[in-house]
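What follows is a short report on a single structure.
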Amino acid sequence: QVQLVESGGGLVQAGGSRRPSCSASGRILSINAMGWYRQAPGKQRELVAVSTGGDSTDYADSVKGRFTIVRDNVKNTVYLQMNSLKPEDTAVYYCKVEGVRPGFVRARDYWGQGTQVTVSS
């Protein structure tokens, strides 16, 4: 099994920063992509940022210039550095890892449990 453990959410004032992390553990042979998604109340889950390996990253337009995804391949950990936070960034943030388990050829997606980030105005 593969487990993802998230931490680092919380309450922050507008203009502040937060840096949630997500660590993958368990029987995983390789990791392709690591990313962050978020879901606000009454809205669909949306992609925030993704690292597909090497220096390749992609961001939602709403967070470009404010958020940075950082990946540590040694620790199988991904961070989301969030700066200049706005109230509209309030959501549950989920990490997703696309990985291959031993004995399998195809990668599959694994999700974290989610961490709440609340930005007060």
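The values are calculated or read from the model by the stated rules, or taken from the named source; none is laboratory data. Computed from a predicted structure; not experimentally measured. Please note: Cβ atoms are built from the backbone with ideal geometry, for glycine as well, and neighbour counts cover all protein chains shown. Surface areas here come from the heavy atoms of the whole protein model, side chains and all, with no ligands, DNA or RNA. Shrake-Rupley method; radii C 1.70, N 1.55, O 1.52, S 1.80 Å.
What to note about this one:
- The residues in the range 73-93 that are assigned to a strand (DSSP E or B) and either over 20 Å from residue 40 (Cα atoms) or open to solvent by 40 Å² or more (accessible area, probe 1.4 Å) (or both) can be counted, and the count is 4.
- Residue within the range 18-41 that is more than 20 Å from residue 113 (Cβ to Cβ), modelled with pLDDT of 95 or more and not aliphatic (A, V, I, L, M) present: no
- The test for being open to solvent by less than 80 Å² (accessible area, probe 1.4 Å), assigned to a strand (DSSP E or B), within 15 Å of residue 4 (Cα to Cα) and touching a residue at least 60 places away in the same chain (Cβ under 8 Å) does not hold for residue 37.
- Pair list, Cβ under 7 Å, 6 or more apart: the range 87-113 residue over 20 Å from residue 70 (Cα atoms) and in contact (Cβ under 8 Å) with a residue 60 or more places away in the chain, other residue open to solvent by 40 Å² or more (accessible area, probe 1.4 Å) and of a type in the set (Lys, Arg): 101/27; 102/27
- Cβ-Cβ under 6 Å pairs, at least 6 apart or on other chains, the range 47-72 side under 17 Å from residue 98 (Cα atoms) and open to solvent by less than 30 Å² (accessible area, probe 1.4 Å), far side outside any strand (DSSP E or B) and modelled with pLDDT of 95 or more: 48/60; 48/63
- Of the residues making up the range 102-120, at least one is open to solvent by 20 Å² or more (accessible area, probe 1.4 Å), in contact with a helix residue (DSSP H, G or I) (Cβ under 8 Å, 6 or more places away or on another chain) and part of a strand (DSSP E or B).
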